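The values are calculated or read from the model by the stated rules, or taken from the named source; none is laboratory data. Small disclaimer: the values here were computed from a predicted structure and weren't measured. Please note: Cβ atoms are built from the backbone with ideal geometry, for glycine as well, and neighbour counts cover all protein chains shown. Ligands, DNA and RNA are stripped out before the accessible areas are found, and what is left, the full protein with its side chains, is counted by its heavy atoms. Shrake-Rupley method; radii C 1.70, N 1.55, O 1.52, S 1.80 Å.
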Amino acid sequence: MKDLSATAKKYLLEIARITIEKKFESILYEPDNIPGELNFNSGCFVTLHDKSGNLRGCIGNFRNDINIVYNVRDMAIQAAFHDPRFQPLKKEELDNVVIEISVLTPMQKVEDIDEIEVGKDGLYVKKGFFSGVLLPQVAVEHGWDRYEFLSYTCMKAGLPYDEWKKGGVEIFKFQAIIFDENEFKN
């Protein structure tokens with residue numbers, strides 16, 4: 001996946017912020033003047049942190065049947081108002097939130113765990129009805145090696161820590177273009 005221009009990144013971040021602002025007025029924001037560079041379908045995650053760096057919401061998907069602009073818009077709403085780990089965002093909290101976007105590549109099945117590159121790959125694990133995902137930046141933020149990364153992804157899926165060692169777990173990797181509003185502060 002090639003990188004996005006600064007203009008495209010800023011546009012997606014603005015879409016996410018405006019969408020959340022408009023949602024407080026019960027309006028579904030309709031993006032316009034979409035840069036041609038963003039004329040592609042992709043999965044994404046929208047992550048909200050408070051200014052101290054604490055997670056405030058994070059939701060995304062791997063859909064490749066929706067334009068990235070509309071997927072970012074929809075995931076911004078989900079992250080702000082529907083992440084079950086947090087209370088819905090309040091209007092007065094919005095100024096204290098930093099928005100991060102991860103634009104995802106398609107998933108690739110991992111046949112050998114040595115294929116996993118910490119710092120480059122995100123992980124998705126699946127076994128039966130259980131599934132969980134961790135974005136590439138999570139392993140780096142916590143200083144995990146690939147084994148810890150696999151273990152914590154299993155735990156995120158509701159599976160035992162070492163389930164990936166036992167077989168029957170499908171492991172997928174993906175990459176992401178990751179950017180946030182702090183990159184564009186003056």
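Can you send over the carbon and sulfur percentage of the accessible area for the range 1-151, probe radius 1.4 Å, protein chains only?
On the way: 3840 of 7740 Å².
Taking all protein chains in place, the range 1-151 shows 50 percent carbon and sulfur surface.
Hey, which of these cross-link pairs are over 21 Å Cα-Cα: Lys10/Lys109; Lys2/Lys23; Lys51/Lys90; Lys109/Lys166; Lys126/Lys156; Lys51/Lys120? Provide the component values of the computation, followed by the final result.
Details: Lys10/Lys109 31 Å; Lys2/Lys23 32 Å; Lys51/Lys90 15 Å; Lys109/Lys166 17 Å; Lys126/Lys156 11 Å; Lys51/Lys120 25 Å.
Check vs 21 Å cut-off fails for Lys10/Lys109; Lys2/Lys23; Lys51/Lys120.
Under the rule of -39500 (n - 2.57) per DSSP H run of 4 or more residues, summed and divided by the residues of the chain, what mean residue ellipticity at 222 nm is obtained, to the nearest 500 deg cm²/dmol? Walk me through the numbers on the way to the answer.
On the way: 4 runs with 50 residues, N = 186.
Calculated from helices alone, the mean residue ellipticity at 222 nm is -8500 deg cm²/dmol.
Taking 0.36 nm per residue of separation and subtracting the Cα-Cα distance, what length does fully extending Gln78 through Glu37 add?
Values: separation 41, 0.36 × 41 = 14.76 nm, distance 2.45 nm.
Residue separation times 0.36 nm, minus the Cα-Cα distance, leaves 12.3 nm.
Mind ranking 73-85, 31-43, 50-62 by how tightly packed they are, going by the mean number of other C-beta atoms within 10 angstrom, highest first? All intermediate terms of the calculation are to be shown ahead of the outcome.
Working: 73-85: 19.2, 31-43: 13.7, 50-62: 15.4.
Ranked by mean Cβ neighbours within 10 Å, highest first: 73-85, 50-62, 31-43.
For the range 45-147, what relative contact order do you get, as a whole percent, if you take Cα pairs closer than 8 Å and at least 6 residues apart? Each step should come with its number before you reach the end.
Working: 121 pairs, mean separation 25.2, N = 103.
It rounds to 25 percent for the range 45-147.
Which value, in debye to the nearest 20, gives the size of the charge dipole of the range 1-113 about its Cα centre, when Lys and Arg are +1 and Asp and Glu are -1 at the Cβ? Don't skip to the answer; put the middle values down first.
Working: 14 positive and 17 negative charges, 26 e Å.
The calculation lands at about 120 debye.
Only Cα pairs under 8 Å and at least 6 apart count here; give the relative contact order of the range 1-81 as a rounded whole percent. Could you put the intermediate results ahead of the total?
On the way: 111 pairs, mean separation 26.6, N = 81.
Taking the mean separation of contacting Cα pairs over the length of the range 1-81, I get 33 percent.
Within 10 Å, count the other beta carbons around each residue, average over each peptide in 111-121, 94-104, and list them highest first. Mind showing how you got there, number by number?
Values: 111-121: 13.0, 94-104: 20.0.
In decreasing order of mean packing, 111-121, 94-104 become 94-104, 111-121.
Aspartates and glutamates near Lys173 by alpha-carbon distance under 16 Å, same-chain residues fewer than 8 away left out - which ones?
Within the straight-line limit of under 16 Å, Lys173 reaches these aspartates and glutamates: Glu111, Asp112, Asp114, Glu115, Glu117, Asp121, Asp145, Glu148.
Using the Karplus curve 6.51 cos²θ - 1.76 cosθ + 1.60 with θ = phi - 60°, work out ³J(HN,Hα) for each residue of the range 148-165 in order, rounded to whole Hz, and write x for Gly and Pro.
Computed from phi, the couplings for the range 148-165 are 5, 4, 4, 5, 5, 5, 4, 4, 4, 7, x, 9, x, 3, 9, 4, 4, 7 Hz.
If you average the sequence gap of Cα pairs under 8 Å that are 6 or more apart and divide by the length of the chain, what percent do you get for the contact order?
On the way: 336 pairs, mean separation 40.2, N = 186.
Relative contact order of the chain: 22 percent.
So who's got an amide H within less than 5 Å of the one on Asp83, skipping anything under 5 residues away but keeping other chains? H placed 1.01 Å off N, in plane.
The list, which skips near neighbours in sequence, is empty: none.
What FRET efficiency, computed as 1/(1 + (r/R0)^6) with R0 = 30 Å and r the Cβ-Cβ distance, is obtained for Asp95 and Lys10, rounded to the nearest 0.05?
Working: r = 18 Å, r/R0 = 0.61.
Between Asp95 and Lys10 the formula returns 0.95.
Apply the Karplus parameterisation 6.51 cos²θ - 1.76 cosθ + 1.60, with θ equal to phi minus 60°, to every residue of the range 7-23 and state each ³J(HN,Hα) to the nearest whole Hz, in sequence, with x for glycine and proline.
With the stated coefficients, the range 7-23 comes to 4, 5, 4, 4, 4, 5, 5, 5, 4, 4, 5, 4, 4, 5, 4, 5, 5 Hz.
Roughly what would the spin-label model give for Phe86 and Ser26, points 7 Å off Cα along C-beta, in nm?
So the label points at Phe86 and Ser26 sit 2.4 nm apart.
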